[in-house]
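What follows is a single structure, written as structure tokens, with notes after it.
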Amino acid sequence: MERLWNSEAKEVFRFFTEICAIPHGSGNVEKISDYLAAFAKERNLEYVQDETKNVIIIREAAPGYEAEEPLILQGHMDMVAVKKPGCTKDMVREGLDLETDGDWLYARDTSLGGDDGIAVAIMLAILDSEKIAHPRIEAVFTVDEETGMDGARAIDLSICRGKRMLNLDSEDEGIFLTSCAGGARLHGNLSVEKETMEGYQYHILVGGLLGGHSGGEIHKERGNSNCLAGRLLYECQKKADVRLVSLEGGLADNAIPRQTQLALAVKKEETAVFEAALQAFEAKVKKELEVKDPGFAVSVQEKSEGVFDVLTAQSSRKAAFLLLMMPNGVQSMSADIPGLVQTSLNLGILKLDGKEMQMDFSVRSSLSSQKELLLDQLKAILASQGGTWEVFGDYPAWEYKKDSVLRDKMVAVYQEMYGSRPQVEAIHAGLECGILSGKIEDLDCVSIGPDMRDIHTTEEKLSISSVERVWKYVLAVLARKD
């Protein structure tokens, strides 16, 4: 950790470590919100903390910058809180264990929350300083971005005077984001019936997958353990009377699930054909994913004989049919921007809970008509089997602004510092810029951030040197007068 304290951005890392000591997974943001409010109080800064726990902190312009246009700095305070199997940390109550490996900062056995804790840390370091040159800063900290952008939806920005916003929720240094896809969440339910069955029960793990962010990595076509578990169930049912006993996979609807656990029951006389079907399925999918997701594996964790509570044959077939038929992954690519995913979805959470199979999808598209079409497809497939659904967290796309004073200024500063132009891009992942643009007329917005890898997973890493460079760059943008 010495690397952090010798860093040129040590004040940023000081605040980041304080943030990481506070549990702040989505839906568990009260403590981090109160921390931000206390920060403002201690420094006599004007602030607002709303009922949703969003926080806005104002720092007036530094001497000589009173005539400059105010700048909104924006990031979200929640993180996707996931941990490795066997990790005993209670992420609702305990902070993270930070470690470094050369240039990379990570959290032991859990996600790091660099998305978007590093934005919060950068904003606090600016607000805390008496030496930084800057216009009026309006720092907007939102909640629950990762689970539907509820904070951005609820926030009142009337305190803000700024018409320019620097969003700090990106993961690739040197790439300026200027538009993003819109999205929505769909929660589906399928009612199932149960009975008892005598035979053998197999506890199976479908796993070994890379996972990743469903906006940033969906184009890599990595395996989705929930979809693969459904396919396994369907294919095994073609060979034997296979009944579903339990099912659980995924931790967030916007994270590609890495492993799914399921228990299946078969009659004694069908165990041999069932085990052969399992082996054949694993071999087939291994070949399909040998380049994109080479760690894929199906393993039997436990096998026992007895009488078990199982789904009826009809309910097991319905569950398998739904999971087989549900679309997943990239649905269409942009015809305007080469390499950009236009429409996709991800089955992020799957669970058999009592007499209900529950499914949570994250749907994204830069075209609202395709987003609605994809939601309609999910609804129609659910309805075909008697399922129900609820759509929530709908947010608009962030549209590209042809004339942007902020973007031009940032590009000019970047060229002066690095001797080359940054990449100006659109992304498929969702950002709060679309929602916030609807709250401030003619908002001029750009999104940037330091290099991060494997966000929303337990392999998440943040580049220390990239944070240092981004920190210097942000300070240079703040100091540049119009």
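What residue among P85, L112, A154 has its Cα farthest toward the positive end of the dipole of segment 66-169, where the charges are +1 on Lys, Arg and -1 on Asp, Glu, each on the Cβ? Farthest along the dipole direction, towards plus: A154.
Only loop residues by DSSP count here, and only those with at most 16 other Cβ atoms within 10 Å; note down the GluC sites (Glu not before Pro) in segment 158-218 that meet that. Provide the component values of the computation, followed by the final result.
Working: sites: E171, E173, E193, E195, E198, E217; in loops: E171, E173, E193, E217.
Those that pass, being in a loop and sparsely packed, are E193.
Dipole size of the chain about its Cα centre, with +1 on Lys/Arg Cβ and -1 on Asp/Glu Cβ: approximately 900 debye, rounded to the nearest 20.
For segment 406-482, which trypsin sites (Lys or Arg not before Pro) pass both filters: DSSP loop (anything but H, G, I, E, B) and at most 16 other C-beta atoms within 10 Å?
Numbers: sites: R407, K409, K439, R453, K461, R469, K472, R480, K481; in loops: K439, R480, K481.
The qualifying sites are K439, R480, K481.
The modelled label-to-label distance for the pair V424/E390, using points 7 Å beyond Cα in the direction of Cβ, is 4.2 nm. Over segment 194-240, accessible surface divided per residue gives 36 Å², non-protein components excluded, 1.4 Å probe.
Atom-type composition of the exposed protein surface of segment 1-59 places 45 percent of the accessible area on carbon and sulfur (1.4 angstrom probe). Think of a 1.4 Å ball rolled over the protein heavy atoms: segment 333-459 then has 45 Å² of accessible area per residue.
At most 14 other Cβ atoms within 10 Å and a DSSP loop assignment: could you name the trypsin sites (Lys or Arg not before Pro) in segment 7-47 that fit?
On the way: sites: K10, R14, K31, K41, R43; in loops: R43.
For trypsin sites (Lys or Arg not before Pro) across segment 7-47 that sit outside H, G, I, E and B with at most 14 neighbouring Cβ atoms in 10 Å, the list reads R43.
Label-to-label distance, D101 versus S334, with points set 7 angstrom from Cα along the beta-carbon direction: 3.2 nm.
Which pairs break 28 Å Cα to Cα here: K401/K472; K163/K461; K268/K292; K238/K303; K239/K355; K89/K351?
Over 28 Å Cα-Cα: K163/K461; K268/K292.
Segment 428-465 and segment 147-203 have Cα centres separated by 13 Å.
Counting only protein heavy atoms, what percent of the accessible surface of segment 303-367 is carbon or sulfur at a 1.4 Å probe?
Working: 1350 of 2720 Å².
For segment 303-367, the apolar C and S fraction of the accessible surface comes to 50 percent.
Spin-label model, S304/V291: points 7 Å from Cα along the beta carbon direction are separated by 4.3 nm.
The values are calculated or read from the model by the stated rules, or taken from the named source; none is laboratory data. All values reported here derive from a predicted model rather than from experimental measurement. FYI the Cβ positions are ideal-geometry reconstructions off the backbone, even for glycines, and counts take in every protein chain you see. The protein model used for the area step is the full one, side chains on, heavy atoms only, and it has no ligands, DNA or RNA in it. Shrake-Rupley method; radii C 1.70, N 1.55, O 1.52, S 1.80 Å.
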